[in-house]
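Trainee: First the structure, which I've put down as structure tokens, then a few questions once you've had a look.
No value in this document is a laboratory result; all are computed from the given coordinates. These numbers come from a predicted model, not from an experiment. Reconstructed Cβ throughout: ideal geometry from the backbone, glycine too, with neighbour counts over all protein chains shown.
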Amino acid sequence: MKPLFALLACAGLLLAAGCSKTDNTAPTGGTVPKPGGGAAPAMPAGKKLTLGFMPKSKGNAYFISCKQGADEAAKELGVELLFDGPTDPDPAKQNEIVENWITQGVDAIAVACENKEGISTALRKARQKGVKVVTFDSDATADAREFFVNQATPEGIAFGLMDEAARLTGEQGEFAIITASLTAANMNEWRKHIEARLAAKYPKMQLVATRPSDDLKDKAQSEATALLSAYPNLKLIMAICSPAVPGSAEAVKQAGKAGKVLVIGLGLPNENRRYVKDGVTQSVILWKTVDLGYLTMQATAAVAKGELKAGAKSFKAGRLGEMELQGDNIVLGKPFVFNKDNIDQFDF
Ligand code: RAM
């Protein structure tokens, strides 16, 4: 952890959790209740848990960074981690992988859902077969999983974006959103709160368009290019999925509009550093993706072992310390704003 990040996290500015060291004991065995009554046979002593970890897409740097934290937790806990997912976002492929994991008889799975309704049927089936299910990043329906590991509250993310857009534009003018898909549940939740904040606080700002990028950089770049010609008075592009931030920045740069059309969004410092330093992108907002993957695996293992159950108020998440639960949500913490002044202190 870089010094500034560590400081902020420990000060409670970034994460709700503390910074205590992990207790690495990983109990095995015991009797695990199965959904629908009955009990699974006790796990043979010393049996290694097998946990699946599925991103929306394997090619997305955001999820590669999450995997780093998942690997760290798996190593600490002595569990086997299966990492699989579509190469590019593909809901049908996600369902297929869930089915494979059911057949393989894995103990638990963690999934970032591309299509909320679509995957929930497969996840419910997994639960019926005794596979514990946790979602992260983007949720399924509540009855299709035990817990959702959320990166931050939707209001925290949306108000952070909207307030930053308002600050940078002097609360005036046209802006556009580039999202992942128009059905992406996490982005749609954030959009709802962005629009509510806009309506409540910024009457002189106008959201002129919301365009999908399918969570792909090249598509985001062509959408941003189209927005620049369709809206000559555009003041800012807000890219709310990670590949869309560098995609939008590249479009603005190539159009020679750096500094005239501002770019902000939810992105990784490493993917945006160049554009932030060149003044094309003003601010990037994100949570610590490594910690999101780490927390997810800690929670998934705890659920698989029967240590984390519905109704729990908190659980111990290794190096992140005691995490409080909000109902069936485990919230990582508050998002953080990266800009020219601090981006060099972060490496993910
Ligand atoms: C994308 C993913 C993910 C989202 C981030 C900000 O890479 O779609 O769901 O949380 O961006």
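Trainee: For the pairs Lys56/Lys116; Lys75/Lys316; Lys116/Lys334; Lys93/Lys116; Lys58/Lys334; Lys56/Lys309, flag any whose C-alpha to C-alpha distance is greater than 18 Å.
Mentor: Pairs exceeding the cut-off: Lys116/Lys334; Lys58/Lys334; Lys56/Lys309.
Trainee: When the C-alpha atoms of the range 61-212 are aligned to their principal axes, what extent does each axis show, in angstrom, from largest down?
Mentor: 55, 32, 26
Trainee: Listing Thr169, Thr135, Thr300 from the residue with the fewest other Cβ atoms within 10 Å to the one with the most, what is the order?
Mentor: In increasing order of surrounding Cβ atoms, one gets Thr169, Thr135, Thr300.
Trainee: Still on this structure, I have one more. Which of Thr87, Thr289, Thr281 moves the most in a Gaussian network model of the chain with Cα springs under 10 Å?
Mentor: Judging by the Gaussian network model, the answer is Thr87.
Trainee: Net charge around Val133, counting only other residues with Cβ within less than 9 Å of its Cβ (Lys, Arg = +1; Asp, Glu = -1)?
Mentor: On the way: positive: Arg124, Arg127, Lys132, Arg145; negative: Glu146.
Local net charge: +3.
Trainee: Out of residues 5 or more away from Thr210 or on other chains, whose amide H comes under 5 Å of its own, with H placed 1.01 Å from N in the peptide plane?
Mentor: Ile177
Trainee: Follow-up. If we count other beta carbons within 10 Å of each Cβ, what is the order of Phe175, Phe336, fewest first?
Mentor: The most exposed by this proxy come first: Phe336, Phe175.
Trainee: For Phe336, list long-range residues whose amide hydrogen, built 1.01 Å from N in the peptide plane, is under 5 Å from its own amide hydrogen.
Mentor: Amide H neighbours of Phe336, under 5 Å, 5+ apart: Leu286, Trp287.
Trainee: In addition: Tell me, in nm to one decimal, what length is gained between Glu96 and Gln254 on full extension, where the rule is 0.36 nm per residue of separation less the Cα-Cα distance?
Mentor: 52.9 nm
Trainee: Ok, one more. Mind checking the angle between helix 289-304 and the chain's longest principal axis? C-alpha axes, 0 to 90 degrees, to the nearest 10.
Mentor: Around 20 degrees separate the two axes.
Trainee: Before rounding to the nearest 500, sum -39500 (n - 2.57) across all DSSP H runs of length at least 4 in the chain and divide by the residue total; then give [θ] at 222 nm in deg cm²/dmol.
Mentor: Rounded to the nearest 500, it is -12500 deg cm²/dmol.
Trainee: Using only Cα atoms, figure out Rg for the range 263-319 and give it as a multiple of 2.2 N^0.38 Å.
Mentor: Taking N as the residue count of the range 263-319, the ratio is 1.68.
Trainee: Between the helical axis of 61-77 and the dominant principal axis of the chain, each derived from Cα atoms, what acute angle in degrees is found, rounded to the nearest 10?
Mentor: Roughly 30 degrees between the two axes.
Trainee: Which residue fluctuates most in the GNM of the chain (Cα springs below 10 Å): Asn188, Asn115, Asn233?
Mentor: Result: Asn233 has the largest fluctuation of those listed.
Trainee: To the nearest 20 debye, what is the magnitude of the charge dipole of the range 77-213 about its Cα centre, counting +1 on the Cβ of each Lys and Arg and -1 on the Cβ of each Asp and Glu?
Mentor: On the way: 15 positive and 20 negative charges, 71 e Å.
Value, rounded to 20: 340 debye.
Trainee: What is the Cα radius of gyration of the chain over 2.2 N^0.38 Å, N being its residue count?
Mentor: 1.01
Trainee: Enumerate the residues in the range 169-206 having an amide nitrogen under 14 Å from the point lying 7 Å beyond the Cα of Ala230 toward its Cβ.
Mentor: The answer is 175-179, 182.
Trainee: Compare Asn95, Asn150, Asn270 in a GNM of the chain, Cα atoms joined below 10 Å, and give the one with the largest fluctuation.
Mentor: Between Asn95, Asn150, Asn270, it is Asn270 that shows the largest mean-square fluctuation.
Trainee: Here's a follow-up. Give the separation of the Cα centroids, the range 124-190 to the range 203-234, in Å.
Mentor: About 20 Å separates the Cα centre of the range 124-190 from the one of the range 203-234.
Trainee: Would you mind ranking Tyr275, Tyr202 so that the residue whose beta carbon has the fewest other beta carbons within 10 Å leads the list?
Mentor: Tyr202, Tyr275
Trainee: Express in whole angstrom the spacing between the alpha-carbon centres of the range 42-95 and the range 261-313.
Mentor: The range 42-95 and the range 261-313 have Cα centres separated by 16 Å.
Trainee: Next question, about the same structure. Count charges around Val261 for me, please; just the other residues with Cβ under 12 Å from its Cβ, Lys/Arg as +1, Asp/Glu as -1.
Mentor: Net of charged neighbours comes to +3.
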